[in-house]
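Derivation of every value follows stated rules applied to the coordinates shown; laboratory data play no part. Everything numeric here is computed off the predicted structure, so don't read it as measured data. A quick note on method: Cβ atoms are made from the backbone with ideal geometry, for glycine too, and the neighbour counts reach across all protein chains shown.
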Amino acid sequence: MIGIGAFGRQHTSARAPRVSTCRSISVSILIVAAHPDDEIIGMGVFLSQVRRASVIVHVTDGAPRTGGDAHAAGCETWREYAALRHREFERALAFARISPAATLSLRCPDQQAAWRIADHAKCLAELLDRVPRPIVFTHPYEGGHPDHDATAAAVHAAACLSRRRPKLFEFAAYHAGAGGMECERFLGDIGEIPFTAERPLTAEESRWKRGVLNQFESQKRVLAQFPLAREPLRLAPQYDFSRPPHSGRLYYEHFDWGPDGREWCALARGAFARLGASCVC
C-alpha cells in the first residue's frame, strides 16, 4: 500500500515526476484520472472555470513498461517517458491557467492499474478522509481502457471505505461504439442517472481546449481523435465491477493494453474481496 506520506516526497530527477505535498489539504474537489491528460480530455473547460481549489490525482505515471511508447516519444527509458508526460501535464496546466492546490501521483505503471485496485482504493480512502466534504470526479466504467476502469473501481471502493462518503461524479472518456471508438459521450443503457450535464462546447472553447491538449506533444496522435465538441459530466451510477460494463468486445480488447475483460473482472473481484467490500457500488 502507498501511504499518504508518499505524496509528500519531492522528486526532481528524471526518474520520477515531481509530486506535491498534500499533508494539509483543505479543499473539496478531487479529480482522479488514470493518466496525465485524462482530466483535460474529460473536463478541461470545466476545470478552467472552477473557482474552488482542487486536487488532481493521477493513478498511473503514463508510462507503459514495455518501452514502445517511450521510444516512439524519443525517450530511451520508461522513466524518461514518465518524466516527459508529467512535464507535458505541467505545461498544459500552465497554458490553461489551471492552478490546483496539489497534483499527486500514485505512480502505478501505465496498463497495470487493474492489479493494484485494492492498494489504490486504500490510498484514495486515506486522502478522502483528509478532505472536508469531498466531491470526486473520475472515469466511468465503460471498457475503454483497463486503467480507466481500474481507476473507477478504486474510486468507488475508496468512497465505501472513507468516513466522508463523498459525492462521485464522472467525466466522459471513450468506449466501443458502432464505428470504433466513441468518445465525449457516456455509454448508454445504464439506467436512470439523476444528474447529467451535456452542454456542448462553443467554437472558442473547443479551440482553447485543443491548444491545451497540444501541450501533450507525445500524445498528439491519440488526442487528435477527440472532436472536442462536448464535455458531459454526470453523477456516478452504481456499477457491478464483477461483470463487464457491456456485452460484446470491449474497446481495449482490440489492443495489447494489459488484461482482457475476463481477467479484469477477476482482478476486480479479488480486489474487492481483499477490501471486504461489495463489487456492486
Leading residue at positive end of dipole, the chain (Cβ point charges), from 30, 267, 114: 30
Relative contact order for region 115-232 using alpha-carbon pairs under 8 Å, separation at least 6, rounded to a whole percent? 24 percent
Determine the dipole magnitude for the chain: charges of +1 sit on the beta-carbon of Lys and Arg, -1 on that of Asp and Glu, nothing else is charged, the reference point is the Cα centre, and the result goes in debye to the nearest 20. 1060 debye
So for the pair residue 101, residue 220, with labels modelled 7 Å out along Cα→Cβ, what separation do we get in nm? 3.7 nm
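Scan region 201-258 for chymotrypsin sites (Phe, Trp or Tyr not before Pro) in coil per DSSP, keeping those whose Cβ has at most 13 other Cβ atoms within 10 Å, and list them by number. Let's see the in-between values first.
Details: sites: 208, 216, 239, 241, 251, 252, 255, 257; in loops: 216, 239, 241, 255, 257.
Of the chymotrypsin sites (Phe, Trp or Tyr not before Pro), the ones in loops of region 201-258 whose Cβ has at most 13 other Cβ atoms within 10 Å are 255.
Among 41, 117, 135, which comes first, then next, by fewest other beta-carbon atoms within 10 Å?
135, 41, 117
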For the ranges 82-88, 144-150, what's the packing order if you count other beta-carbon atoms within 10 Å of each residue, average per peptide, and put the highest first? 144-150, 82-88
Give me the net charge of residue 207's neighbourhood, meaning all other residues with Cβ under 15 Å from the Cβ of residue 207; Lys, Arg count +1, Asp, Glu -1. 0
Around residue 225, under 15 Å between beta carbons, what's the net of Lys plus Arg minus Asp minus Glu among the other residues? +2
Cross-link candidates for residue 209: which lysines have Cα within less than 17 Å, leaving aside residues fewer than 8 places away along the same chain? 220
Using Cα pairs under 8 angstrom and six or more residues apart, how large is the relative contact order of the chain, in percent? 20 percent
Evaluate the charge dipole of region 172-281 about its Cα centre and quote only its size in Debye, nearest 20, assuming +1 on the Cβ of each Lys and Arg and -1 on the Cβ of each Asp and Glu. 160 debye
Mind checking the full-extension length gain between residue 178 and residue 90? Use 0.36 nm per residue of separation minus the Cα-Cα distance, one decimal, nm. 28.2 nm
Just the projected area, averaged over all directions, of the convex hull on the alpha carbon atoms of the chain: how many nm²? 13.5 nm²
Where the only charges are on Cβ atoms (+1 Lys, Arg; -1 Asp, Glu), what is the dipole of region 135-182 about its Cα centre, to the nearest 20 debye? 480 debye
Ordered by residue, what ³J(HN,Hα) values in Hz, to whole numbers, does region 133-146 give under the Karplus form 6.51 cos²θ - 1.76 cosθ + 1.60, where θ = phi - 60° and Gly and Pro are x? 6, x, 10, 10, 10, 8, 6, x, 9, 9, x, x, 8, x
Order of 75, 123, 160 - criterion: other Cβ atoms within 10 Å of each residue's Cβ, fewest first: 160, 75, 123
